[in-house]
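The values are calculated or read from the model by the stated rules, or taken from the named source; none is laboratory data. Note that the structure is a prediction, hence the values are computed from the model and not measured. Neighbour counts are summed over all protein chains in view; Cβ atoms, including those assigned to glycine, are modelled from backbone coordinates with ideal geometry. Side chains included, ligands, DNA and RNA excluded: accessible areas come from the protein's heavy atoms. Shrake-Rupley method; radii C 1.70, N 1.55, O 1.52, S 1.80 Å.
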Amino acid sequence: MLIDAGLLLLGLALLVGGGEVTVRGASALAREAGVPPVVVGLTVVAFGTSAPELAVNVAAAVTGRGGVCFGNIVGSNLANIGLILGTSALLRPIRIRGVIITREIPMMLLATAAALVLGFDGALRGLPEAYDRADGLVLVLLFGVFLYYTAADVLRNRPDDALLREAREAGAPRLRAAAGAFCLTGVGLVALAGGGRLAVDGAVGLARAFHVSEALIGLTLVAVGTSLPELVASAMATLRGQADLAVGNVVGSNIFNLLFVGGVTAVIRPIRVPPGGHWDLWFLAAMSGVLLPLSISNSRSIVRLEGAALLAAYLAYTAWRCLVAPGGAG
């Protein structure tokens, strides 16, 4: 069990470090190639914050660990809203910009609704409950629509979008040599691949040791671990007085996780909905849905009391999921 825990921790450390290095290298490569900074902000930086989730899920899909895939996607999104946003709001009330309310949150709600419907389509079609390859293609297509819509909106009307400007500044270091940037990207990708495999192996070993499902380990330990980049970014933005960026970071990461990470994983290998998985999907939909009214209340701010409520709801659901719900402790 100690070996499995060590593998999981080492894998998560490689994932966090690999994601950071990959963003730096890929951003530098994009700059050397003359890619517009807006495109870098929408693609490379978005990929970087969700790279740990993608690496874990690809490794799990290749090795046939579908439970880890499902738990990691849903658990990461729950941690983003409940743990990260809740903690950020406790540190300092989050003032939310209009563009997040009018563009990012509606897109996140659409992505969540798509994941919810596709997660139940087995019941409608009389097939095993799973995200099959057709579902994966639908999710990837929706992600493409999101990227196109967002890029077109920014290029037409919002060349100085504050969220993208901050993302560009954080994710585009001044590396001049294309060769150095290429090597940096390669090192990051190797760390992601190795970290993903180690994290999956450690998670599966812990699941067996504690006699719980792989999905539950993915929903809790792996999901929180792969959400560390978002947690650090959001906490730092909040402490710097830019708490609104925490919302943009969380919402963008959730969209990326559901549509791109989930879609790519399902295309590689169908993701079975595990026992208790429908509860996770419903709770994710509820947590996502509550963000919109929270965002337009209190003068478009998420105050400390609301942050405490988000954090408490996340912790209470996680405890219930581990101890009582189907697929929990056995």
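Structure above, values below:
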{"quantity": "Yes/no for LEU14 being modelled with pLDDT of 70 or more and surrounded by 21 or more Cβ atoms within 10 Å (Cβ to Cβ)", "calculated": "yes"}
{"quantity": "Residues being open to solvent by less than 40 Å² (accessible area, probe 1.4 Å) and in contact with a helix residue (DSSP H, G or I) (Cβ under 7 Å, 6 or more places away or on another chain) - total across the stretch 297-307", "calculated": "3"}
{"quantity": "The stretch 90-120, residues that are under 16 Å from PHE70 (Cβ atoms) and at pLDDT below 75", "calculated": "none"}
{"quantity": "Condition met for SER213 (at pLDDT below 75 and either open to solvent by 30 Å² or more (accessible area, probe 1.4 Å) or acidic (Asp, Glu) (or both))", "calculated": "yes"}
{"quantity": "Residue pairs meeting the criteria (Cβ under 9 Å; at least 6 apart or on separate chains; first under 23 Å from LEU311 (Cα atoms), in the stretch 91-115; second basic (Lys, Arg) and assigned to a helix (DSSP H, G or I))", "calculated": "LEU91/ARG304; ARG92/ARG304; PRO93/ARG304"}
{"quantity": "Inter-residue pairs, beta-carbon under 8 Å, first without any contact (Cβ under 8 Å) to a residue 60 or more places away in the chain and in the stretch 135-150, second outside any helix (DSSP H, G or I) and open to solvent by less than 50 Å² (accessible area, probe 1.4 Å), 6+ apart", "calculated": "none"}
{"quantity": "Extreme residue, nearest to PRO106 (Cα to Cα), among residues of the stretch 259-272 that are among the hydrophobic types (A, V, I, L, M, F, W, C) and open to solvent by less than 10 Å² (accessible area, probe 1.4 Å)", "calculated": "LEU259"}
{"quantity": "Residue match in the stretch 262-275 (condition: of a type in the set (Ser, Thr, Tyr) and closer than 19 Å to ARG133 by Cα)", "calculated": "yes"}
{"quantity": "Residue in the stretch 318-328 that is out of contact with any strand residue (DSSP E or B) (no Cβ under 9 Å at 6 or more places or on another chain), outside any loop (DSSP other than H, G, I, E, B), surrounded by 16 or more Cβ atoms within 10 Å (Cβ to Cβ) and not polar (S, T, N, Q) present", "calculated": "yes"}
{"quantity": "Residue within the stretch 241-249 that is assigned to a helix (DSSP H, G or I), open to solvent by less than 60 Å² (accessible area, probe 1.4 Å), at pLDDT below 90 and among the β-branched types (Val, Ile, Thr) present", "calculated": "yes"}
{"quantity": "Scope the stretch 84-95; condition assigned to a helix (DSSP H, G or I) and open to solvent by 40 Å² or more (accessible area, probe 1.4 Å); matching residues", "calculated": "THR87, LEU90, LEU91"}
{"quantity": "Among (1) more than 30 Å from ALA309 (Cβ to Cβ); (2) modelled with pLDDT of 70 or more; (3) open to solvent by less than 10 Å² (accessible area, probe 1.4 Å), the one test that GLY64 misses", "calculated": "(3)"}
